[in-house]
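Peer 1: Got a structure for you, written out below as structure tokens; questions coming shortly.
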Amino acid sequence: MDIIEKVEQRLSLYASKPTVLSRKSILSQFFLHAGEKEDYTEDDAISFLNWAKNHYKGTSINHVYASLRWFYRQVLKKDLQLKPPEPDYDSIEAVPLSRKDVIRLILATKFIDDPMIRTFVALSTIYGARRKEMADLTPEDVDIE
């Protein structure tokens, strides 16, 4: 049984489909990065985590770390001695929108033609996304599906 079959067998024990999909996606990137082999070292994990820090942001890095830790413990039966990644903090605190601005933005969504953008603006306004957070978003950060 090769390593990918072992991963799929272990993942099939999970009840949560999103967890299975997330781990499969991350580990397939790991196998592309480190190469497909029977044994992986901690150096492989460190190298991939460093690569991921340049390609992912925020909680995605934590998902990568959790997936690697799971893979090493559950599939390889090794304890990964990596320290969890620390979150990045902005040096400038983002200011929340005023009540008046929130109302204006919600009303403005009526005039946005694209339904995907209209929904995104309405939801982000209602759930309190701050201007700085909105400005920092890129299309890759938003998964509408």
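Peer 1: Expressed as a rounded percentage, what relative contact order does region 3-75 have, with Cα pairs under 8 Å and six or more residues apart?
Peer 2: Computed value for region 3-75: 41 percent relative contact order.
Peer 1: Can you give the Rg and Dmax of region 3-75 based on its C-alpha atoms, in angstrom?
Peer 2: 11.6, 31
Peer 1: Which FRET efficiency, nearest 0.05, do residue 2 and residue 57 yield, Cβ-Cβ r, R0 35 Å?
Peer 2: 0.65
Coordinate-derived values only; no laboratory data. Just so we're clear, the structure is a prediction, and the values are computed from it rather than from any experiment. In this analysis, Cβ positions are derived from the backbone assuming ideal geometry, glycine residues included, and neighbour counts consider all displayed protein chains.
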